[in-house]
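Participant: Have a look at the structure that comes next, please.
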């Protein structure tokens, strides 16, 4: 984080779009160690709050992401979760939808008066106006994502709006999880979201479930 200045008395808030950060880290071929992540920003200033947002497919009996959610909840993170919603579209196909953008935006706006520096872990371009709004209230905003994937995970308009940008790939040596560390993404939390219970894209994702099949086929629109 040598390109971003943090001040000792600066009040810092972390806002982590869980599915977006997970997808970015996966694209860069590493898992996040959330214990190290929290320690890094705690030592960079006065960390006021660290929020983590994710929608969960709670109708499943077992979610491999649940151990991570519980660990974060017990170890310094403020968890914001909600169940996904299932609906039927105009073609009769069942879909599952999970979107945490509103929850994240409301928390950022409510916390803006208590924070000097907002660190947003997301590349979602929909947050551009949110960033602009809190900048007008006097907050600095740093976006953490990656442009080293094809296509880039971070929207260009969000990167331009932010005061600072941290390339997630540059943090690999600081926050990459090894097999013995705590606070990482659980085993099995990789490809098949119907088994992990993790809605991969909090940007209003639709997951199609063919009504004629007993197995869910996930298809990102």
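Participant: Of all strands (runs of 3 or more DSSP E) completely enclosed by the range 109-221, which ones contain at least 1 residues that are within 16 Å of the chain's Cα centre (by Cα), modelled with pLDDT of 95 or more and over 25 Å from residue 67 (Cβ atoms)?
Facilitator: Passing ranges, in order: 117-121, 140-145, 164-167.
Participant: Within the range 109-163, track down each residue that is crowded, with 23+ Cβ neighbours inside 10 Å, farther than 23 Å from residue 175 by Cα and out of contact with any helix residue (DSSP H, G or I) (no Cβ under 7 Å at 6 or more places or on another chain).
Facilitator: 115
Participant: Okay, moving on. Within the range 42-69, how many residues are more than 17 Å from residue 104 (Cβ to Cβ) and part of a helix (DSSP H, G or I)?
Facilitator: 4
Participant: Go through (1) over 18 Å from residue 175 (Cα atoms); (2) out of contact with any helix residue (DSSP H, G or I) (no Cβ under 6 Å at 6 or more places or on another chain); (3) part of a strand (DSSP E or B) and name the single condition residue 16 misses.
Facilitator: Result: residue 16 fails condition (1) only.
Participant: Condition first: surrounded by 18 or more Cβ atoms within 10 Å (Cβ to Cβ), at pLDDT below 95 and either out of contact with any strand residue (DSSP E or B) (no Cβ under 8 Å at 6 or more places or on another chain) or in a strand (DSSP E or B) (or both). Can you find one or more residues in the range 96-107 that meet it?
Facilitator: Checked against the condition, which is being surrounded by 18 or more Cβ atoms within 10 Å (Cβ to Cβ), at pLDDT below 95 and either out of contact with any strand residue (DSSP E or B) (no Cβ under 8 Å at 6 or more places or on another chain) or in a strand (DSSP E or B) (or both), the range 96-107 yields at least one hit.
Participant: Could you run through the range 23-51 and say how many residues are more than 12 Å from the chain's Cα centre (by Cα) and within 18 Å of residue 4 (Cβ to Cβ)?
Facilitator: 13
Participant: Looking only at the range 70-91, decide whether some residue is touching a residue at least 24 places away in the same chain (Cβ under 8 Å), out of contact with any strand residue (DSSP E or B) (no Cβ under 9 Å at 6 or more places or on another chain) and loosely packed, with under 13 Cβ neighbours inside 10 Å.
Facilitator: No: zero hits.
The values are calculated or read from the model by the stated rules, or taken from the named source; none is laboratory data. Please read all numbers here as calculations on a predicted model, not as lab measurements. Cβ atoms come from the backbone with ideal geometry, glycine included; neighbour counts cover every protein chain shown.
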